[in-house]
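The values are calculated or read from the model by the stated rules, or taken from the named source; none is laboratory data. Note that the structure is predicted; figures quoted are calculated from it, not measured. Cβ coordinates were reconstructed from backbone atoms using ideal geometry, including for glycine residues, and neighbour counts include every protein chain displayed.
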Amino acid sequence: MDILQGIISVLIILGFAPLFIGLVNKQKAKLTGRIGAPILQPYYELQRLFKKETINANTSSFISRFSPLLNFVSLITAAAMLPVGFWKPLISFNGDIILFAYILGLSRFFQILAAMDIGSSFEGMGAAREATFALFAEPIFFFTIGSISFISGYTSLFDIYHSIQLDNISYEVFIVICSISVFMLAVTECSRMPVDDPNTHLELTMIHEVMILDNSGLDLFLYQYSSYIKLFIYTILEISFFYPFSQQSYLVGILIFVFGSLVLSLALAVVETITSRYKMKNIPQYLLFATAIGILNLLIYTFTK
Amino acid sequence: MENVLSILFSLSLFYVSVTSRVKGYVAVLRFQGLILSVLVLLPFLKNFSIFGIILPITLLLVKVILIPSYINKIILDLDIKRVIEPTIQQIVFLLLVIATMIVIFISSSVIAQSTELNVIPFASGFSAIAIGIYIIIFRKKLIVHVCGFLVLENGIFLFGTAVASELPMMIELGVLLDVFVVVFLMGIALNKIRSTFEGFEVTDLGRLKD
C-alpha cells in the first residue's frame with residue numbers, strides 16, 4: 001500500500017509539474033494585462049520538443065549525451081522523496097534530507113559540465129553564474145531544513161513534516177520564517193524572476209536558459225521537463241510546511257496540497273510581476289539574506305529551549 | 001506572542017541591512033513601530049484600562065504615522081536621492097550583521113542563565129541597537145543616519161520591555177517625546193544645511209570651517 005501511494009505521488013509530481021508552470025505564466029500574463037498562452041502550453045511545448053530531432057554540437061563529448069538523462073532521473077529521484085498530500089513517499093529513510101540536497105546538486109553539477117562541454121563561450125558564462133549562485137543557495141537549504149530538523153528531532157523529510165504541530169505558537173513562527181526562505185530558495189534554484197528572468201533571450205543576462213541554448217530535440221525536452229519538475233519539487237517543499245499532519249486526514253492533506261499549489265502559483269506570479277531582475281552583483285546579497293533568516297531560526301531555537 | 005513579534009522585528013533588521021533605498025528604511029520604521037505598539041498593547045488586553053491604552057496609541061501615532069511621514073516629507077521637500085550610499089559593500093554589511101547577531105544571541109543566553117529575562121526580545125533589542133549604530137557608521141546620507149538612530153531607539157524600547165516588564169508610563173512617554181523632538185530638530189538642521197551646502201552627505205561636513 002505504501003509503495004503504491006509512493007508511486008502515485010511521483011506520478012502526480014511528473015504529471016502536474018507542467019500544469020503548475022502554465023498556471024504561473026497564465027496568472028503572470030493576466031496581472032500584466034495580457035491574455036497569455038493557454039494553461040496547457042507547457043504540455044504542447046514538451047510534445048513539440050519530443051517530436052524533434054536531437055542534434056549535438058561537433059565539439060561535444062559523451063557528457064552532453066548523458067547529462068540530460070541524468071538530470072531528469074535525479075530530479076525524479078528527488079521527487080520520490082517528497083510527501084504529496086498525506087502519503088508516505090517512495091524513498092524515505094533517516095537522513096534523506098542530505099540525499100535530497102545532493103541529488104539536486106548532482107543534477108546541477110552535470111548540467112554545468114554539459115554546458116561547458118559544448119564549448120560556446122556564452123554557455124561557459126552561464127555555467128559560471130549557475131555555479132556561483134548555487135554556492136550561495138546551498139546554505140539556505142541546509143540552514144532552513146536543518147533548523148526544522150533540529151526542532152523536530154528527525155532527519156527524514158517525511159518525518160520532519162509529519163512532526164509539525166500547528167498548535168504550538170513558536171512552531172508556527174518557525175514555519176512562517178522557514179517558508180519565506182524556502183520561497184527565496186525556490187526562486188533561485190528554479191531561476192525565476194528576481195534572480196533570473198525565464199523569458200529573456202539575451203545571452204548576457206541569462207543564467208539558466210543560456211546553459212541549454214545549444215540543446216535540441218529530446219535533450220531539450222529532458223532539460224525543460226526537469227526544470228518544470230524542479231519548480232514543482234520546491235513548491236511541494238514549501239506547501240508541506242502547512243500540512244495539518246496532526247489531524248491525520250487524507251482528504252484535508254490533499255485539499256491543502258491543491259489549495260497550497262494554487263496560492264503559491266499566485267504568489268510567484270505576483271512576485272514576478274512586481275519585481276524586476278536584480279543586478280548580478282546584488283544576487284549574492286539576496287541569497288545571503290535568506291541564509292541569514294535560516295541562521296536566525298537556528299539561533300532562536302538553540303538559545304530559547 | 002512576545003517572541004513572535006520579536007522575531008519579526010529581527011527579520012526587519014535583516015531587511016534594513018540589505019535594502020538600498022531610503023523608502024525601504026522608512027517602511028521598516030513603520031513596521032517596527034507597529035510591532036512595538038502591538039507589543040505594548042498585549043498586556044492591556046487582559047486587564048483593560050483607559051489609562052493603559054494611552055501608551056500604545058501614542059506609540060502608534062508617533063512611530064507609525066508622524067515620524068515616517070515627516071521623514072518622507074523631508075525626502076520629498078529636499079529632493080534627496082533615493083538610494084542610500086553605503087561606505088562598505090552591502091554583502092559585507094550583512095555578514096557583519098549576522099556575526100553580530102550570533103554573538104549577541106549567544107551572550108544573552110549566557111546572561112539569561114543567571115538572571116530572569118526574556119531571551120528573544122532582549123537579544124532582538126540588543127541587535128537593533130548594534131545595527132542602528134552600524135547604519136550610522138557605514139552610511140553617508142544624513143537622512144539615513146536619522147533612520148539608523150530611530151532603529152537604535154526602537155531597539156532600546158524593545159530591550160526595555162524585555163528587562164523590566166512595566167516601566168513607569170511617564171518615562172516611556174518621555175522617551176517618545178525626546179525622539180520626536182530629535183527628528184524634528186534634524187529636519188530643521190537638514191534644511192539649514194541645505195541653505196549652506198548643496199549635498200546631504202557626511203563627507204561634506206568634514207570640510208566645515210569657521
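For this structure, a couple of remarks:
- Just one of (1) within 14 Å of chain B (Cβ to nearest Cβ); (2) out of contact with any Gly (no Cβ under 9 Å at 6 or more places or on another chain); (3) more than 23 Å from A:PHE109 (Cβ to Cβ) fails for A:CYS178. It is (2).
- Those residues of the stretch A:63-94 which are at pLDDT below 85 and either part of a helix (DSSP H, G or I) or on the phi > 0 side of the Ramachandran plot (or both), in sequence order: A:GLY85
- Within the stretch A:187-305, helices (runs of 4 or more DSSP H) holding 3 or more residues that are surrounded by 19 or more Cβ atoms within 10 Å (Cβ to Cβ) and of a type in the set (Gly, Ala, Ser): A:250-274, A:283-304
- Those helices (runs of 4 or more DSSP H) lying entirely in the stretch B:54-115 with at least 1 residues at the interface with chain A (Cβ under 9 Å from one of its Cβ atoms) and touching a Leu at 6+ places or on another chain (Cβ under 8 Å): B:90-114
- Index of the failed condition, A:PHE133 passing every other in (1) farther than 18 Å from A:ILE239 by Cβ; (2) of a type outside the set (S, T, N, Q); (3) within 14 Å of chain B (Cβ to nearest Cβ); (4) over 23 Å from the mean Cα position of the chain (by Cα): (4)
- Some residue of the stretch A:127-138 being more than 23 Å from A:LYS281 (Cβ to Cβ) and assigned to a helix (DSSP H, G or I): no
- Selection within the stretch B:6-34 - within 13 Å of chain A (Cβ to nearest Cβ), among the β-branched types (Val, Ile, Thr) and within 29 Å of B:LYS81 (Cα to Cα): B:VAL16, B:VAL18, B:THR19
- Scanning the stretch A:59-71 for residues that are buried (at least 17 other Cβ atoms within 10 Å of the Cβ) and under 20 Å from A:LEU14 (Cα atoms) turns up A:SER67, A:PRO68, A:LEU70, A:ASN71.
- Of the residues B:ILE133, B:ILE50, B:ILE156, the single one that is more than 14 Å from chain A (Cβ to nearest Cβ), part of a loop (DSSP other than H, G, I, E, B) and surrounded by fewer than 19 Cβ atoms within 10 Å (Cβ to Cβ) is B:ILE50.
- Considering only residues in the stretch A:194-216 that are within 24 Å of A:THR54 (Cβ to Cβ) and modelled with pLDDT under 75, the one that is nearest to the chain's Cα centre (by Cα) turns out to be A:PRO198.
- Criterion applied to B:LEU142, B:LEU94 was being buried (at least 19 other Cβ atoms within 10 Å of the Cβ), on the phi < 0 side of the Ramachandran plot, modelled with pLDDT of 85 or more and out of contact with any Gly (no Cβ under 8 Å at 6 or more places or on another chain), and the one residue passing it is B:LEU94.
- Count of the stretch A:271-302 residues which are among the hydrophobic types (A, V, I, L, M, F, W, C), more than 18 Å from the chain's Cα centre (by Cα) and away from chain B (no Cβ under 11 Å): 2
- Residue under evaluation A:SER60, criteria (1) polar (S, T, N, Q); (2) part of a helix (DSSP H, G or I); (3) in contact (Cβ under 8 Å) with a residue 12 or more places away in the chain, criterion not met: (2)
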